[in-house]
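Reviewing the structure listed below.
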Amino acid sequence: MTMDDIIDFVEGLGDVLTLRPAPGDGSPEISWGDTFFYYSPDRIVPDRTQPFATIVIKNYPGDESSGLDRAGAFRVNIHAGKEAFIEATGHALREQGVADAGVPDTVIAHPVYGPLGWLAVTEPGSRSGEVTRELLRGAHTLARSRYERRAESTRR
């Protein structure tokens with residue numbers, strides 16, 4: 001799977017706002033080149049929610065374990081939720097799993113945000129491609145549900 005394959009797949013899920021920060025757009029330099037996916041039927045960046053998935057192309061401070069400083073390396077991060085997290089990792093959110101974040105094509109607990117239900121896949125390929133797509137579908141569904149609950153609570 002390439003980054004473009006993943007972007008096309010996620011955008012095909014519907015009502016997805018894709019942000020690709022770049023120089024000159026007012027975004028922080030650290031985010032340039034990365035991709036952020038939000039559930040947003042109105043195409044407005046939600047002001048009180050995180051993306052449901054991201055693609056990062058570089059190491060972030062405190063998150064160097066995936067070795068994204070290699071040419072062409074990238075990692076897909078997916079806010080999978082508790083059930084999908086447990087199914088994918090075999091352990092609870094707050095339990096420390098043992099996984100090498102730099103191993104490509106493997107679904108692992110996110111090296112930093114795992115306790116919050118995030119999973120990560122460095123360079124998804126033949127072993128993890130289908131499960132990555134399933135996790136992205138699930139994250140999109142969860143994000144849509146959160147959006148709808150918030151919209152319903154503001155109408156009351």
Fraction of alpha-carbon pairs over 13 Å apart in segment 88-140 - percent: 55 percent
Under Karplus coefficients 6.51, -1.76 and 1.60, residue-wise ³J(HN,Hα) of segment 27-42 in Hz, glycine/proline x: 7, x, 4, 4, 8, 4, x, 7, 10, 10, 10, 10, 7, 7, x, 8
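Contour minus end-to-end for ARG43 and ASP8, with contour as 0.36 nm per residue of separation and end-to-end as the Cα-Cα distance? Walk me through the numbers before you get to the answer.
On the way: separation 35, 0.36 × 35 = 12.60 nm, distance 1.66 nm.
In short, 10.9 nm is gained.
Would you please put 67-78, 114-125, 8-19 in order of how densely packed they are, using the mean number of other Cβ atoms within 10 angstrom per residue and starting with the highest? Before the final figure, lay out each step's value.
Numbers: 67-78: 18.0, 114-125: 21.9, 8-19: 15.3.
Listed from highest to lowest mean packing, they are 114-125, 67-78, 8-19.
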Accessible surface of the chain, 1.4 Å probe, proportion on carbon and sulfur as whole %: 52 percent
Helix-derived mean residue ellipticity, 222 nm - over the chain, DSSP H n ≥ 4, -39500 (n - 2.57), to 500: -9000 deg cm²/dmol
Relative packing of peptides 22-29, 51-58 - highest average C-beta neighbours within 10 Å first: 51-58, 22-29
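Explain nothing, just the number: relative contact order of the chain, from Cα pairs under 8 Å at least 6 residues apart, as a whole percent. Can you show the working numbers first?
Values: 268 pairs, mean separation 30.5, N = 156.
RCO, the chain: 20 percent.
The values are calculated or read from the model by the stated rules, or taken from the named source; none is laboratory data. This is a predicted model, so every value here is computed, not measured. All Cβ positions, glycine included, derive from the backbone under ideal geometry; neighbour counts span all protein chains shown. These accessible areas exclude ligands, DNA and RNA; they are computed on the full protein's heavy atoms, side chains included. Shrake-Rupley method; radii C 1.70, N 1.55, O 1.52, S 1.80 Å.
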